1. Can you list which of the DSSP-assigned H helices in the chain have a Cα extent of 15 Å or more along the long axis and an average Kyte-Doolittle score of at least -0.5?
2. Report the relative contact order of the chain, percent, no decimals, based on alpha-carbon pairs under 8 angstrom and at least 6 residues apart.
3. For the chain, take N as its residue count and report Rg(C-alpha) divided by 2.2 N^0.38 Å.
4. Any idea how far apart Asp82 and Glu37 come out in nm if each label point goes 7 Å out from Cα toward Cβ?
Amino acid sequence: MLPPVAQQKMQAWIRRRQLICSGNFFVFETLDYSAIERFEECVKALGGTLICVDPKKRIWMGNHRQVLLYQAKASLHTPKHDLKQYWFKYGSHYTRFDERA
């Protein structure tokens, strides 16, 4: 994946409140594990590393179905990208799955 495409995808996740910045790390939450794999590709394309992927909790979808929420943490310490500035402008401190928001 090319870096401009990776940056566009990550900016879309920031706007949708799936990707937040927490300190020096980017935290991505999703219900779909294949999205975690796409997130890892984007992070690698931008010169970062995926640190960990953890199943966070189960979320009810309707009355009879539960799905697993995955949380991935990545480090992006490259001076070429401006994702943190983009997050300051368009992002949130909480993901869409956080109960505090």
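1. Details: long enough: 3-15 (18 Å, -0.68); 33-45 (19 Å, -0.26).
Helices passing the filter in the chain: 33-45.
2. Values: 166 pairs, mean separation 35.6, N = 101.
With pairs under 8 Å counted, the relative contact order is 35 percent.
3. On the way: Rg = 13.5 Å, N = 101, 2.2 N^0.38 = 12.7 Å.
Normalised Cα radius of gyration, the chain: 1.06.
4. Going from the Asp82 label point to the Glu37 one covers 3.4 nm.
Each value in this text was obtained by applying a stated rule to the coordinates, not by laboratory testing. All values derive from a computational prediction rather than experimental measurement. For neighbour counting, all protein chains shown are included, and Cβ atoms are generated from backbone atoms with ideal geometry for every residue, glycine included.
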